[in-house]
1. Given the condition in contact with a helix residue (DSSP H, G or I) (Cβ under 6 Å, 6 or more places away or on another chain) and assigned to a loop (DSSP other than H, G, I, E, B), answer yes or no: does some residue in the range 205-213 qualify?
2. Condition first: assigned to a loop (DSSP other than H, G, I, E, B), out of contact with any helix residue (DSSP H, G or I) (no Cβ under 9 Å at 6 or more places or on another chain) and either under 15 Å from residue 179 (Cβ atoms) or modelled with pLDDT under 95 (or both). Can you find one or more residues in the range 74-82 that meet it?
3. So which of 271, 195 is touching a helix residue (DSSP H, G or I) at 6+ places or on another chain (Cβ under 7 Å), assigned to a loop (DSSP other than H, G, I, E, B) and either buried (at least 24 other Cβ atoms within 10 Å of the Cβ) or in contact (Cβ under 8 Å) with a residue 12 or more places away in the chain (or both)?
4. Residue check: is residue 221 touching a helix residue (DSSP H, G or I) at 6+ places or on another chain (Cβ under 9 Å) and in a loop (DSSP other than H, G, I, E, B)?
5. Starting from the range 35-47, take each residue that is at negative phi and without any contact (Cβ under 8 Å) to a residue 12 or more places away in the chain and list its partners that are assigned to a helix (DSSP H, G or I) and buried (at least 19 other Cβ atoms within 10 Å of the Cβ), counting only C-beta distances under 8 angstrom and pairs at least six apart or across chains.
6. For the range 86-120, which residues satisfy the criterion of being touching a residue at least 40 places away in the same chain (Cβ under 8 Å), in a helix (DSSP H, G or I) and more than 15 Å from residue 167 (Cβ to Cβ)?
7. Take residue 50 and decide whether it is crowded, with 24+ Cβ neighbours inside 10 Å and either assigned to a helix (DSSP H, G or I) or touching a residue at least 60 places away in the same chain (Cβ under 8 Å) (or both).
8. Residue 235 passes all but one of (1) closer than 15 Å to residue 276 by Cβ; (2) surrounded by fewer than 19 Cβ atoms within 10 Å (Cβ to Cβ); (3) at pLDDT 95 or above; which number fails?
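The values are calculated or read from the model by the stated rules, or taken from the named source; none is laboratory data. Source: prediction; values computed, not measured. Ideal geometry is used to build each Cβ from the backbone, glycine not excepted, and the neighbour counts take in all protein chains shown.
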């Protein structure tokens, strides 16, 4: 029998109400100073808790891991206490939530991190991120030049991921998603263009995937595999000039190593920024080596999502921008109700700002009463 989008399913040790996830999306709405999650964020996520699973926007695991201004961290007690409001709001509505653990590596600037940025190697790629402007506001700024991480830096970063995962448990999250996609730190170690190391973390495919595997295993040891997920994006070229000719093969090797861990899910991010379409042959190969729960995100609609479930290429499907403008997205697509467009105004309010374009989008039912 083909799985339905709206059918409850098991995720780790708990059940979720449907197979629809709200994908992680940076919104930069924290309270300053300290980048602290706040009541407005709790309202935003609570409004969308009918998703079977919510994955929060990326939460930096450390100051040096930060790549976008105003993003909510998970490395101080104030962050933990602030996030408790969000997890409570989601749980009160019967939802489940994973926090995305984030280290951007070279996709940052010293004015954002407060210290020198880092990567696999001291290689800069032309790139822009959301940071402080000279006039005191915020906007897109060019990234800085990273320094190559030492072995001590790598070990400290693994420890930071572990501590962030423990902090997430204290904050009430159901699990964590390790961000190894979109040209961020773990992805930088995996790709040829950004990793020119000659030690045990560079060179061969096995060496270039070592940092990711050691990080996942350490987090699993700390909080349990059923509470750990990972996001990868082999077909997305974000943060790089060109497609990596080895990334598909390397990713399949990663999946083979991850499969025995029985993680909560594996999350493929697709069809954003610069990308190539994920070929059918890759989906088949991924399913062959990874029999556990797979989630796919990337400009899906209802028909595309159902097709992925039907072919068993995915067990869960994630939607991003439709959730921005449709807090009741699940209800709308289940009952074929028209969606509020993610238009130019919605794009303008994506990063930073206040309640406008954040928590003021009405549900379909509320629109009828206006």
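1. yes
2. No, there is no match, as no residue in the range 74-82 is assigned to a loop (DSSP other than H, G, I, E, B), out of contact with any helix residue (DSSP H, G or I) (no Cβ under 9 Å at 6 or more places or on another chain) and either under 15 Å from residue 179 (Cβ atoms) or modelled with pLDDT under 95 (or both).
3. 195
4. Against the criterion (touching a helix residue (DSSP H, G or I) at 6+ places or on another chain (Cβ under 9 Å) and in a loop (DSSP other than H, G, I, E, B)), residue 221 does not qualify.
5. none
6. Residues satisfying the conditions are 88, 89, 90, 91, 92, 112, 113.
7. no
8. Residue 235 satisfies every listed condition except (2).
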